[in-house]
Structure formats: C-alpha cells, structure tokens
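Derivation of every value follows stated rules applied to the coordinates shown; laboratory data play no part. None of the values given here were measured: they were computed from a predicted structure. Note: ideal-geometry Cβ built from the backbone for every residue, glycine included; neighbour counts use all protein chains shown.
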Amino acid sequence: MSPHSSSRQGLPTAPDPLPIDVVDNHVHLDIGRDGAEPLDVAEAVARARAVGVSRLVQVGCDLDAIDFTIDAVERFPEVLGAIALHPNEVPRLAAAGTLPAAYDAVERAAGHERVRAVGETGLDYFRTGPDGVAVQQDAFRWHIDLAKRLGKALQIHDRDAHEDVLRVLDEEGAPDRTVLHCFSGDLSTARESVERGYYLSFAGTVTFKNARTLRDALTVTPLSQLLVETDAPYLTPSPHRGATNASYLVPHTIRAMASVLNVDVPTLCRAVSENSERVYGPWS
Ligand SMILES: [Zn+2]
C-alpha cells in the first residue's frame, strides 16, 4: 500500500517528505492506541521511510515489550532498541516480588548488540503516588548503573519530577550519552540539562498551541543536543492531535521545531540525524 494513501481508517495522511533523513529516537511499535492493534512493524517502518524518517529506536519498557523489541531489532535494519523497566512498571513488579527476576531479564536483553540504550527509566510522580517514590528512585539508580556498565546510552522518562531526576543523575554520575525523552521541563530545567551535556528529545507536544514553555525550552537547546521523537502511539503532533501517532508524522514536529529555532529544515534534519548516530551508534 502506498505510504501516501490514507485509506487505512483513522490514520492521518502522510506529510510531505523531509529533505534529509532523520531518526525517530523514541517509539513504541508494540503498543496500540485505546486497545486497537498497533500498525504492523513492516508497515510502520515503510511509512516512516517514505517521508524521510529512515531510522527508529523502538522502546520496550516491560517484559513483553522487551521480547518484542529484540525481535524487531533482529528483523529490521531500520530499527535499534532501547529497553528498561518503566518507572510506572517498577512498583507493580516490586509488589509482586518479581523485580529481581525482571532486572535479570533486562540485563540479559540490554547486552544485545542492537539494543543501544537503557530506557525509558526515570521518575514519574504523576502516575505513581508517594508510595512508589523510593522504589522508583532505586530502580532509576539501577538502570543508570546498568547503562554505564554496558556502555549504552540512557533514555529518561521524567514526569513531574524534574528536580529529582537531575539530582539522582548528579549523585550517580550520568552516562556519557543521556537523553531526556519527551522533554517536558521549563526554561531553567532545559538550561541545567544543556549545561550537563544531556540531549533533549522533543516530541509532538512542542507543536501544541499551549506549549509556549516547551518552545522556550527549545530555543535554549543547542542544535548539537537536539533530538526528535514521536513517543508513538501517543503525543500526536498538530494538526493531527488526538489521532494515533506513528513515526511517519515526525515531519510535522521537525518543521515546527525549525520554525521556532529559526533554522532551515535541512539544517535541523542534518543535526538531528548526526546527534542520533552519535548517541546510538550506526544503524547498519
Ligand atoms: Zn515512551
């Protein structure tokens, strides 16, 4: 099926292709939206390729998703992997007494040559209440240590926990390549992160009308520390906000970022592409 076709029900039409290929550095190909089946991986990859999103980082952050990720990175040269136990998954595993076994599984899978990052790990004070804070912080520290031991990049999930995320990273010592996925901080968090050499990955949220703070944060991020992502199937960029997200919609986010930054689209594409290869290594 033509990637430009919108015949598949509910999927937004493909945007115009980007002039230079980029990377969607955070996507969940295993997750369908609202209980629907996710796009077939081959179709998701083909649709993305057709608009210049030629490489993806598939993120598996529970045990089933980790198996899915290993399978995807072995079958598709366009796909690299990131794996971890999500901060909202950790308290559940701890309560069930299965956290140590889950750590073993993560550690085994993270050694895979095409798994290039540990993530998403971090802190989520929005969905996990105060009871879960201690176990989340422990798990965050464990994942930071794992990334350093294996020489992998680190992808961080931070929801309503900016200060603690930066503090724990300072205490542990961040890995050389640390990515703040779906950056959601304000200007001062952006400045502190840039100073520490972290990469800020912007998602479709940066295109939302009410995301002024996020666009301010973008303007203080140097081109050399910028990444782009979908976090698909969530966070669909404008003008398709509310629809199911997928990697082929990245061009909307790139074009919005370029206009905020006042750079031309090819310049931004080249920067994002080079940064991605610096963080995750070569795809082939
Ligand atoms: Zn995610």
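Structure data summary
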| item | result |
| --- | --- |
| Residues (touching a residue at least 24 places away in the same chain (Cβ under 8 Å) and under 18 Å from residue 57 (Cβ atoms)) located in the stretch 267-276 | 269, 271, 272, 273, 275, 276 |
| Given (1) within 16 Å of the ligand (Cβ to nearest atom); (2) surrounded by fewer than 22 Cβ atoms within 10 Å (Cβ to Cβ), number of the condition residue 66 does not satisfy | (2) |
| Number of the condition not met by residue 156 [criteria: (1) within 24 Å of residue 226 (Cβ to Cβ); (2) over 17 Å from the mean Cα position of the chain (by Cα); (3) among the aliphatic types (A, V, I, L, M)] | (2) |
| Residues located in the stretch 93-149, provided they are in contact with a Lys or Arg (Cβ under 6 Å, 6 or more places away or on another chain) and of a type outside the set (D, E, K, R) | 117, 118, 126 |
| Checklist (1) on the phi > 0 side of the Ramachandran plot; (2) within 15 Å of the ligand (Cβ to nearest atom) applied to residue 52, failing item | (2) |
| Those residues of the stretch 253-276 which are closer than 20 Å to residue 45 by Cα and in contact with a Phe, Trp or Tyr (Cβ under 8 Å, 6 or more places away or on another chain), in sequence order | 253 |
| Selection status of residue 125, in contact (Cβ under 8 Å) with a residue 12 or more places away in the chain and either touching a Leu at 6+ places or on another chain (Cβ under 8 Å) or among the polar types (S, T, N, Q) (or both) | no |
| Residue count, the stretch 59-90 (criterion: assigned to a helix (DSSP H, G or I) and either without any contact (Cβ under 8 Å) to a residue 40 or more places away in the chain or farther than 22 Å from residue 22 by Cβ (or both)) | 11 |
| Test: residue in the stretch 164-181 that is within 15 Å of the ligand (Cβ to nearest atom), under 22 Å from residue 250 (Cβ atoms) and not aliphatic (A, V, I, L, M) | yes |
| Conditions (1) surrounded by 17 or more Cβ atoms within 10 Å (Cβ to Cβ); (2) more than 16 Å from the ligand (Cβ to nearest atom): number failed by residue 117 | (2) |
| Residues of the stretch 195-243 that turn out to be of a type outside the set (Gly, Ala, Ser) and within 15 Å of the chain's Cα centre (by Cα), as a count | 18 |
